[in-house]
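This report refers to the structure that appears directly beneath it.
The values are calculated or read from the model by the stated rules, or taken from the named source; none is laboratory data. Because the structure is predicted, anything quoted here is derived from the model rather than measured. Positions of Cβ are generated from backbone atoms using ideal geometry, with glycine treated the same way; all protein chains shown enter the neighbour counts.
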Amino acid sequence: MTDQSGEQEKRAGPWKSGRQGGRIEKKIAVAGVIVGLIASFWAFGLYRYVTLSFLKASSDTLRSLNAAHPVTVALGYFFLYVLVTSLSLPGAAVLTIGGGALFGLLEGTVAASFASSLGATISCLASRYLFRDWVQDRFRAGVTGINEGIEKEGAFYLFTLRLIPLFPFWLVNLAMGLTRMPLRRFYWVSQIGALPGTIVYINAGRELAKIHSLKGVLSPGLIASFALIGLLPLGAKKAVALYRTKRKRRPPR
C-alpha cells in the first residue's frame with residue numbers, strides 16, 4: 001500500500017509531492033502570481049523599458065530625475081532590479097549599466113550587487129518551493145550524487161558559474177533552487193561571484209554613449225580571465241585533496 005501511494009505521489013507532479021511545501025492551493029497561487037507578472041511584462045510591452053536603446057535615449061531625463069530625487073530614484077532602481085531578477089526577466093544587464101550611468105562606480109556597484117543577489121535568492125527560493133521536493137522525490141536515484149556534490153563543493157561550483165558568463169544568470173538561480181544548497185550560502189556566494197562582472201558593467205555604464213551593444217561590454221579576454229579566476233578555487237581544492245590522497249598512500253619510512 002505504501003509503495004502504491006508513493007507511486008501516485010510521484011505521478012501527481014510537482015504540486016503533490018512537497019509535504020513541507022504547503023498545500024497545493026498555495027503553490028498554485030504562488031505560481032499564478034509569478035506567471036501573471038511575467039505575462040504582464042510581455043503583454044504590456046514593459047520589456048521596452050529595459051533595453052539599451054531606451055536607456056540611452058532617456059539617460060538625460062533619468063539623470064535629472066536622480067539629481068532632483070536621489071533617494072526615490074535609488075530605491076526605485078533597487079526594487080526594479082530585484083523584481084526583474086527574481087522573475088527571471090530580461091534586462092538585468094541593462095539595469096546594471098544604468099546603475100553606472102546614474103549613480104557612478106561605487107554607489108552603482110553597491111545597489112546593483114545587492115539587488116541582483118537578493119533577486120537571485122528570491123528566484124532560487126521560488127524554484128525550490130514550487131519544484132524541489134517533486135524533483136528530489138521523482139528522480140531520487142539520479143539526484144543523490146548531485147546532492148552530495150553540492151554539499152561538498154557546491155559553493156565552488158556556484159562561484160565558478162557566477163564568474164563565467166556562459167550560463168544565464170536566471171538559469172543558475174532556478175537550477176540551484178532544485179538542489180539542497182542552503183539559501184544563505186547561495187546568497188553570499190552569488191554576491192561575491194557576480195561582483196567582478198557587476199563592476200565591469202557598472203564601469204561601462206559610466207560611458208553609456210560609447211556602448212552600442214551588450215556583447216561589446218565583455219571581451220573574450222575578459223571572459224577568459226573570469227573563467228580562470230572562477231576555476232582557481234575549485235582547482236586548488238582538487239589539488240590539495242589529490243596531494244593528501246597521495247601522501248596517505250605513501251609507505252611509511
*Give me a count of the residues in the range 193-219 that are surrounded by fewer than 16 Cβ atoms within 10 Å (Cβ to Cβ) and touching a Lys or Arg at 6+ places or on another chain (Cβ under 8 Å).*
1
*Run residue 25 past the list (1) at pLDDT 95 or above; (2) more than 25 Å from residue 169 (Cβ to Cβ); (3) acidic (Asp, Glu) and report the number of the one that doesn't hold.*
(1)
*Can you name the condition, by its number, that residue 138 falls short on among (1) modelled with pLDDT of 80 or more; (2) within 27 Å of residue 82 (Cα to Cα); (3) among the basic types (Lys, Arg)?*
(2)
*asked:* Quick check on residue 178: is it over 24 Å from residue 213 (Cβ atoms), under 17 Å from the mean Cα position of the chain (by Cα) and hydrophobic (A, V, I, L, M, F, W, C)?
replied: yes
*asked:* When you check residue 166 against the structure, is it farther than 23 Å from residue 34 by Cα and either hydroxyl-bearing (Ser, Thr, Tyr) or surrounded by fewer than 16 Cβ atoms within 10 Å (Cβ to Cβ) (or both), yes or no?
replied: yes
*Could you check, for the range 162-169, whether at least one of its residues is free of Cβ contacts under 8 Å to residues at least 12 places away in the same chain, more than 23 Å from residue 117 (Cβ to Cβ) and not acidic (Asp, Glu)?*
no
*asked:* Tell me whether the range 88-105 contains one or more residues that are at pLDDT 95 or above, closer than 30 Å to residue 134 by Cα and out of contact with any helix residue (DSSP H, G or I) (no Cβ under 9 Å at 6 or more places or on another chain).
replied: no
*Given the range 23-97, what helices (runs of 4 or more DSSP H) lie entirely inside it while holding 3 or more residues that are surrounded by 13 or more Cβ atoms within 10 Å (Cβ to Cβ) and of a type in the set (Ser, Thr, Tyr)?*
70-86
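Here is a yes/no grid of residues against (1) of a type in the set (Val, Ile, Thr); (2) at pLDDT 95 or above; (3) assigned to a helix (DSSP H, G or I):
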{"position": "145", "(1), (2), (3)": "no, no, yes"}
{"position": "148", "(1), (2), (3)": "no, no, yes"}
{"position": "151", "(1), (2), (3)": "no, no, yes"}
{"position": "165", "(1), (2), (3)": "no, no, no"}
{"position": "170", "(1), (2), (3)": "no, no, yes"}
{"position": "175", "(1), (2), (3)": "no, no, yes"}
{"position": "199", "(1), (2), (3)": "yes, no, yes"}
*asked:* Would you confirm whether or not the range 124-139 contains a residue that is within 26 Å of residue 202 (Cβ to Cβ), in contact with a Leu (Cβ under 9 Å, 6 or more places away or on another chain), crowded, with 21+ Cβ neighbours inside 10 Å and not aromatic (Phe, Trp, Tyr)?
replied: yes
